[in-house]
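Asks: This is the structure, below, for whatever I ask next.
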Amino acid sequence: MAGMRFWRSQRVAGSLLVSCVGFSLVSPLTWVLQTGRLYRAAPKAFHEDWWLWVPIVSTVAGMLSIRCCQKKRIEGTVSSTTSAEQETSSLVMSWSLVIVWLAFFCDYVLMFMAIPIFPTLGKNDVMTGCLFSAKACFQILSAPLMTKWVDHYGKFMLLGGLLAETISSVIFMLTHEYGTWLCARAISGVASAAIMSSGLSHLSKRHTKSEERAVVMGCATTGILSGTCIGPVMGGILHEISPSLPFLTLAVLETAVIMLILLFLPTLKGEQTSGGGEGASTCELLQNRDVLRFLGILVVTNFGCGCVEGTIARHLHLKFGLSAGAQGRFYLLLAVSSVIFSAMSGDLGNRLGRIKVIRFGLLLQGISTLMGASPSIITSAIAFCITGVGIGLIDGATPSLLGDTVTKHFGETGRIYVMSNTCVQLGFLFGPMMGNIIVASLGYGVCCMIAGSLMIWYSAHLGRYVRHVE
């Protein structure tokens, strides 16, 4: 009976429907990737491929809209006053989720929009690499400052982060010099640290029930993955029209989100500027073995993902002769599957257990990474799609698991989300670096073997503690 109720759940049914639609749209790409006909010219390709982009964006946006507008079930008989209060509370939650989702989306669009644009500066690989990594470096360096502010200035951190990111977008739009862009990239790193930590902290404080928190954070994470998916495409297409247009478009969107924050985002208890209790310190959090273990999930999975994503473009070009446009479509396989399964991760975690879902995601990502060095383009495409499933499950379920663990041991604190964001950036910073070193010395196959084995080992390592935590 429990199994039947699970499959009859509206959220799961909707997520499965989106999965079917996404699979039907993406599966034909596995056999057309080699043609090199895709993205002949960016504006032309955008119009010709409307059948692909419109359904994908619509299905994901529709699923999130249904979740945002969904009212909590009121059990038993309640008075009309109580019912009205319940609807108001649900509506506030909806605005919180929508605004945080948009903030995450803007942050990662700016981060990945740079992929097709930065090489146009004409600098060497080392200087271009420094430009890419500046955001992650400053995001990590600003973490100690964010831990002091996140519990008392959450709403203002989110607002200030978006303001700083809008300024960096305007700098990118008005100039085309390496030094200025490096400075703007550093500003966006500090802004990103504020946005990510304060956004997750706000949702954690707004949704105190564990089951609610899991679903909401899974949905919020789809904003990150959607930005990862749309950023390079948006940057490439709009840059073909005008070099400043991508950044102008994003600056307008960020300004609109700032207005939504000012008008609709509530200020929660603990986010006022009063200097109340400080809660657990960063050192106290790091001394807890459960916290360290779960932060390790983010380091391992993003390190493994960075190893592969930082080297697979060269592999696809040398092994299969894929053009840059075809490689972009290849990345779409990972992005779409990760968005869908991130949205499902909250429901799956509530029913099966979050650690089990994360372990399964790590196992999928590890096995698919081992398959990634296959001599077959079809096998590589399937493996990359499965990697996206693993990433979605892990990124969607881990924030709520961290929040529940810290609340259990220390009480509510937003510092854990600063630390989790730092772990993600550490993985993305060192993953591509180590991946390129391994590929240059030992080959792409060895790189996949090391990264995949690491994730499978960590999945087994977490199995020892499932009973202890859940």
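Asks: With a 1.4 Å probe and all protein chains kept in place, how much accessible area does Tyr331 have, in Å² rounded to the nearest 10?
Replies: Approximately 70 Å² for this residue.
Asks: Further question on the same structure: Leaving ligands and nucleic acids out of the surface, order Arg314, Arg206, Arg289 by accessible area at 1.4 Å, largest first.
Replies: Details: Arg314 140, Arg206 50, Arg289 180 Å².
Greatest to least solvent exposure: Arg289, Arg314, Arg206.
Asks: Could you please state how large a percent of the accessible area of the stretch 342-390 is carbon and sulfur, counting protein chains only and using a 1.4 Å probe? It would help to have the intermediate numbers written out before the result.
Replies: Working: 1150 of 1590 Å².
The C+S portion of the solvent-accessible surface of the stretch 342-390 is 73 percent.
Asks: Need one word for the stretch 392-470: rounded, prolate or oblate. Basis is the Cα gyration tensor (sqrt eigenvalues a ≥ b ≥ c); a/c below 1.5 gives rounded, then a/b vs b/c decides.
Replies: oblate
Asks: Determine the shape class of the stretch 98-152: with a ≥ b ≥ c the square roots of the Cα gyration tensor eigenvalues, call it rounded for a/c under 1.5, and otherwise prolate if a/b is greater than b/c, oblate otherwise. Write out the running numbers ahead of the final one.
Replies: On the way: a/c = 5.69, a/b = 1.59, b/c = 3.58.
It comes out oblate by the Cα gyration axes.
Asks: Still on this structure, please answer the following. How much FRET efficiency would the formula 1/(1 + (r/R0)^6) give for Lys209 and Ile167, where r is the Cβ-Cβ distance and R0 is 30 Å, rounded to 0.05? Walk me through the intermediate numbers first.
Replies: Values: r = 37 Å, r/R0 = 1.24.
Efficiency for this residue pair is about 0.20.
Asks: Of Trp181, Trp457, Trp149, which has the most accessible area and how do the rest follow, probe 1.4 Å? Let's see the in-between values first.
Replies: On the way: Trp181 5, Trp457 140, Trp149 115 Å².
Sorted descending by solvent-accessible area, the residues read Trp457, Trp149, Trp181.
Asks: Leaving ligands and nucleic acids out of the surface, order Met234, Met371 by accessible area at 1.4 Å, largest first. Intermediate results must be reported in sequence, preceding the final value.
Replies: Details: Met234 40, Met371 65 Å².
The residues order as Met371, Met234, largest area first.
Asks: Identify the residues of the stretch 167-195 with backbone N under 14 Å of a label point that sits 7 angstrom from the Cα of Thr120 along the Cα-to-Cβ direction, or state none.
Replies: Hits in the stretch 167-195 for Thr120 at 14 Å: 172-178.
Asks: Taking amide H positions as placed in the peptide plane 1.01 Å from N, state which residues far from Leu268 in sequence (5 or more) or on other chains have amide H under 5 Å from it.
Replies: none
Asks: Filter the GluC sites (Glu not before Pro) in the stretch 168-250 to those in DSSP coil with at most 12 other Cβ atoms within 10 Å of their Cβ, and list the result.
Replies: Working: sites: Glu177, Glu211, Glu212, Glu240; in loops: Glu177.
In loop regions of the stretch 168-250 (DSSP not H, G, I, E or B), the sparsely surrounded GluC sites (Glu not before Pro) are Glu177.
Asks: Describe numerically, in nm with one decimal, the distance between label points set 7 Å from Cα along Cα→Cβ at Lys408 and at Leu352.
Replies: Placing both labels 7 Å along Cα→Cβ, they lie 2.0 nm apart.
Asks: Also, quick follow-up: So, for the stretch 108-147, what is the accessible surface per residue at a probe of 1.4 Å, expressed in square angstrom? Show your work: numbers first, answer last.
Replies: Numbers: 1700 Å² over 40 residues.
I get 42 Å² per residue for this part.
Asks: Here is a follow-up. Carbon and sulfur together cover what percent of the accessible area of the stretch 144-286 at a 1.4 Å probe radius? Walk me through the intermediate numbers first.
Replies: Values: 3920 of 5550 Å².
With neighbouring chains kept in place, the figure for the stretch 144-286 is 71 percent.
Asks: May I ask you to evaluate 6.51 cos²θ - 1.76 cosθ + 1.60, the Karplus curve with θ = phi - 60°, for each residue of the stretch 154-159 and list the ³J(HN,Hα) values in order in whole Hz, giving x for glycine and proline?
Replies: x, 5, 6, 5, 5, 5
The values are calculated or read from the model by the stated rules, or taken from the named source; none is laboratory data. These figures come from a predicted structure and were not determined experimentally. Every residue, glycine among them, receives a Cβ derived from its backbone with ideal geometry; neighbour counts consider all protein chains shown. Protein only, heavy atoms only, side chains kept; ligands, DNA and RNA dropped before computing areas. Shrake-Rupley method; radii C 1.70, N 1.55, O 1.52, S 1.80 Å.
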